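FYI, it's all coordinate maths here, none of it is from the lab. Keep in mind that this is a model prediction, so the values were computed, not measured. Using ideal geometry, Cβ is built from the backbone for each residue, glycine included, and neighbour counts are taken over all protein chains shown.
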Amino acid sequence: MVADLPEFYFRVRDNGAFVYRVDTENRQRRIEMDQIAVVNIRNGQIKAHGDHALTPDETRAIERWMEDRKAALARRTIDDIERTIDHLNHTAHWAQTSASEAELEQISDALLLAMHDLRSVLVRKKADRLLKG
């Protein structure tokens, strides 16, 4: 198992990660993780942790992780939107076929406002794209 461990471990947080160097080369053969950096995905900032000075190899590994993480998050966002489309379709079917009056009363206003807001944004963005193109 020890041979399969990566050199770095990234503990994901909202805007990035804490970066740890994974060490198994010690007398007890235990896994040790030493924090070496804090990463902010939004602004691309990499801060060394404590007195640690990041090596060029560490910086490249962190930058690669940041690129991979941004790509993964972008894929997840599109997947979430596609799921939302499915949920809207299921909601329409539910409202038409099996929702009670009380259930419709409970959710209609909130759902209508959210759909109106979304429609307004989509129409405005579509118009902007058409005007640019």
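Just to be sure I understand: with springs between alpha-carbon atoms less than 10 Å apart, which residue in R60, R29, R69 has the highest mean-square fluctuation in the Gaussian network model of the chain?
Judging by the Gaussian network model, the answer is R29.
Mind checking the angle between helix 101-132 and the chain's longest principal axis? C-alpha axes, 0 to 90 degrees, to the nearest 10.
In the chain, helix 101-132 runs at an angle near 70 degrees to the longest axis.
Per 0.36 nm of contour for each residue apart, how much would the distance between R76 and K132 grow if the chain were fully extended, relative to their Cα-Cα spacing?
Gain on extension, R76 to K132, equals 17.4 nm.
Run the reach check for K125 against aspartates and glutamates, Cα to Cα strictly under 13 Å, same-chain hits fewer than 8 apart removed. What comes back?
Partners within reach: D117.
Once you've got the GNM for the chain with C-alpha springs shorter than 10 Å, pick whichever of A17, A74, A92 has the biggest mean-square fluctuation.
A92
Kindly give Rg over Rh for the stretch 87-133, based on alpha-carbon atoms, with the Kirkwood expression for the hydrodynamic radius.
Using Cα coordinates only, the ratio equals 1.19.
Taking loop as defined by DSSP and a crowding limit of 15 other beta carbons within 10 Å, which GluC sites (Glu not before Pro) in the stretch 65-129 fit?
Listed in order of number, the matching sites amount to none.
Rank the residues M115, M33 as a footprinting-exposure proxy: fewest other Cβ atoms within 10 Å of their Cβ go first.
With the sparsest Cβ surroundings first, the list reads M115, M33.
Report, to the nearest 10°, how far helix 56-97 tilts away from the longest principal axis of the Cα atoms in the chain, using its own Cα long axis and a range of 0 to 90°.
Taking Cα atoms only, the helix is inclined about 20 degrees.
For K70, which lysines qualify as cross-link partners when the Cα separation must be under 21 Å and same-chain residues fewer than eight apart are set aside?
Cross-link targets: K47.
Whole number please: convex hull volume per residue, Cα atoms of the chain, in Å³.
Spelled out: Cα convex hull of the chain, divided by residues, is 225 Å³.
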